[in-house]
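Below is one structure; the comments refer to it alone.
What follows is calculated from the coordinates using simple rules that are stated; it is not laboratory data. Keep in mind that this is a model prediction, so the values were computed, not measured. Because the Cβ atoms are built from the backbone with ideal geometry, glycine has one as well, and the counts that use them run over all protein chains shown.
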Amino acid sequence: MATKKKATVSKASPKKTPSGQASKSSSVKAAGAKKTAPKKAQKAAGKKAVVKAAPEKAPKATVAPKAKAKPASKTKVAPKATPAPKASGATKPKSTPKPKPTKAPPASVARALAELDDDLDVDELHHEEAEEASRDKSDGPLRAYEPPKAPPRPLSAQAAAIIASDAPLPLVQEQGALMLGSSVTSAVQAARVLHELVDHKPELVVSLAEKFARGLTSKHKRVVQASADALPAIARIAPAKVARHLELLKSSYEPAILDGRDGLVRTFAALCTASVAYQKRLEPSLTTALERADGKTLLRWSRIVLPALKGEPHARARGVVEARLYRIPRAIAQQIADFLKIKLRVRY
């Protein structure tokens with residue numbers, strides 16, 4: 001029994017020898033060396049990988065695709081002003097050269113220049129600015145020219161008595177008969193009284209339209225002047241009263257003096273202004289008057305006739321006036337051109 005126990009004890013716990021301890025420690029060291037060897041190798045490989053990976057460039061970042069630009073709005077953005085480049089160095093301002101004194105031209109040259117100035121058209125130089133301004137004027141309707149009105153004549157005692165009377169028409173008819181009478185003194189006195197009535201109360205003389213139509217060809221200038229001022233006033237108040245005597249008025253143009261013709265033109269213009277129906281009947285007479293008038297009279301009549309006409313009669317009368325601008329003095333032609341809003345051509 002004892003031997004068996006010993007045997008088991010010997011098997012369970014073997015004796016440790018120094019050689020056994022040495023062999024055991026060497027095996028442990030070898031195992032540890034095997035375990036640490038791969039760790040060192042891994043560390044060394046890691047260091048080399050880091051050293052090799054350091055010089056390599058990082059891959060470029062992928063740029064996202066650009067979104068489609070929206071259409072630009074209609075409002076334009078003003079471009080930014082580029083700043084002026086700075087000067088590299090301060091430069092001194094250059095001194096401006098002093099103008100040399102001009103010498104007077106010789107006497108012969110001055111004489112030649114004076115003769116050249118005399119040949120130039122002085123009117124053209126003075127009206128150059130007016131002609132340039134006339135280019136921008138619009139072709140609108142012409143406005144009737146209104147000459148400055150003279151103060152009305154003072155009423156005589158006889159004219160004041162007619163206006164103040166309760167029945168003035170018989171007294172007016174009496175003055176009309178005296179105006180066309182054979183007595184020179186009575187005709188002139190009656191014409192003066194009727195002229196005052198025309199200025200102050202023209203409606204009183206409407207019934208004398210026929211007598212005034214005959215008075216345009218009178219031998220007495222005072223009667224002609226009174227008739228020439230009375231007929232346009234009556235045509236504005238009662239155009240039908242004057243239109244009844246159109247044939248007499250048209251036939252009176254040739255024998256009448258300048259004052260009578262001026263009254264006829266004003267009467268015809270007043271009738272055309274009152275109604276377009278009179279234009280066709282009066283256009284030939286007005287065109288003839290514009291064709292035969294002198295420069296000053298054409299200036300006056302063109303301002304009266306052209307605004308009164310409309311349509312084709314106006315165009316034909318305007319053509320007559322424009323055709324005569326180069327056959328009358330330039331100073332008068334320039335005034336007519338300004339009224340018509342046109343530019344005159346240069347005369348050679």
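A few notes on this one:
- Residues listed by number, the stretch 211-233, amide nitrogen under 13 Å from L248 label point at 7 Å toward C-beta: 211-218, 231
- Local electrostatic count at P313 - Lys and Arg +1, Asp and Glu -1, tallied over other residues with Cβ under 13 Å: +3
- Rounded to whole numbers, the Karplus 3J(HN,Hα) couplings from phi for the stretch 166-179 are 6, 10, x, 4, x, 5, 5, 4, 5, 5, x, 5, 5, 5 Hz, using 6.51 cos²θ - 1.76 cosθ + 1.60 with θ = phi - 60°, and x at Gly and Pro.
- Dipole of the stretch 277-348 [Lys/Arg +1, Asp/Glu -1 at C-beta], most positive-end residue of W301, I332, A277: I332
- In Hz, Karplus ³J(HN,Hα) per residue of the stretch 311-323 (6.51, -1.76, 1.60; θ = phi - 60°; x = Gly, Pro): x, 4, x, 5, 5, 5, 5, 5, x, 5, 5, 5, 5
- The stretch 303-348: trypsin sites (Lys or Arg not before Pro) in DSSP coil with no more than 12 other Cβ atoms inside 10 Å: R327, R345, R347
- The label-point distance for L258 and K310, in a model that sets each label 7 Å from Cα toward Cβ, rounds to 3.4 nm.
- Net +/- balance of residues flanking F212 in space, Cβ distance below 12 Å, scoring K and R +1, D and E -1: +1
- Once the C-beta distance of H200 and Y326 is scaled by a Förster radius of 45 Å, the resulting FRET efficiency is 0.55 to the nearest 0.05.
- Here r is the Cβ-Cβ distance between R214 and A164 and R0 is 35 Å; the resulting FRET efficiency, rounded to 0.05, is 0.75.
- Kirkwood Rh and Cα Rg combined as Rg over Rh, evaluated for the stretch 268-348: 0.98
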